[in-house]
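Undergrad: Below is the structure I would like to discuss, written out as structure tokens.
The values are calculated or read from the model by the stated rules, or taken from the named source; none is laboratory data. Please read all numbers here as calculations on a predicted model, not as lab measurements. A quick note on method: Cβ atoms are made from the backbone with ideal geometry, for glycine too, and the neighbour counts reach across all protein chains shown. Each accessible area value is taken on the protein alone, full model and side chains, heavy atoms only, with ligands, DNA and RNA left out. Shrake-Rupley method; radii C 1.70, N 1.55, O 1.52, S 1.80 Å.
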Amino acid sequence: MGNSNDKNTWEQSEIHIDQLTGEIDQILHRIINELGELGIAYGIIREFSYNSKEPPTWTISIEESKTVLTLDILFQYMSQHGNIRDALTRFMHDHFPYFT
């Protein structure tokens, strides 16, 4: 019986991470989309592992600047800013001069 409960918890965890990852992708693209309209080159690469203990990361490049966003970093920002959108916006302001 314990295995069944563990499997359900695992599946729920995967669904939650997938939803969170999708939401992060959408918000990052919305935040950065305006830069593309201004003619500023950017890229977002999401990297993930099939090992569930390795959460996804995002490598964000804008012109010559590059940084990596991890879930740990996002959660630190969320503890200060409350929600994902505000946390990601603050992260972008802190790491790229285009958002000042």
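Undergrad: So how far apart, in nm, are the two label points at Val68 and Gln26 if each is 7 Å from Cα heading toward Cβ?
TA: Placing both labels 7 Å beyond Cα along the Cβ direction yields 2.7 nm.
Undergrad: How large a share of the accessible area of the stretch 30-83, in percent, is made up of carbon and sulfur atoms when the probe is 1.4 Å and the other protein chains stay in place?
TA: On the way: 1780 of 3720 Å².
The value for the stretch 30-83 is 48 percent carbon and sulfur by accessible area.
Undergrad: List, in order, the whole-Hz ³J(HN,Hα) value for each residue of the stretch 69-86 obtained from phi through the Karplus relation with A = 6.51, B = -1.76, C = 1.60 and θ = phi - 60°; use x for Gly and Pro.
TA: Each residue's phi maps through the Karplus curve to give 9, 10, 5, 4, 5, 4, 5, 5, 5, 5, 5, 9, 10, x, 10, 5, 4, 5 Hz.
Undergrad: Right, next: Counting Lys +1, Arg +1, Asp -1, Glu -1, what net charge surrounds Arg85 among other residues with beta carbon under 11 Å of its beta carbon? It would help to have the intermediate numbers written out before the result.
TA: Working: positive: Arg30, Arg90; negative: Glu23, Asp86.
Surrounding charge for Arg85 is 0.
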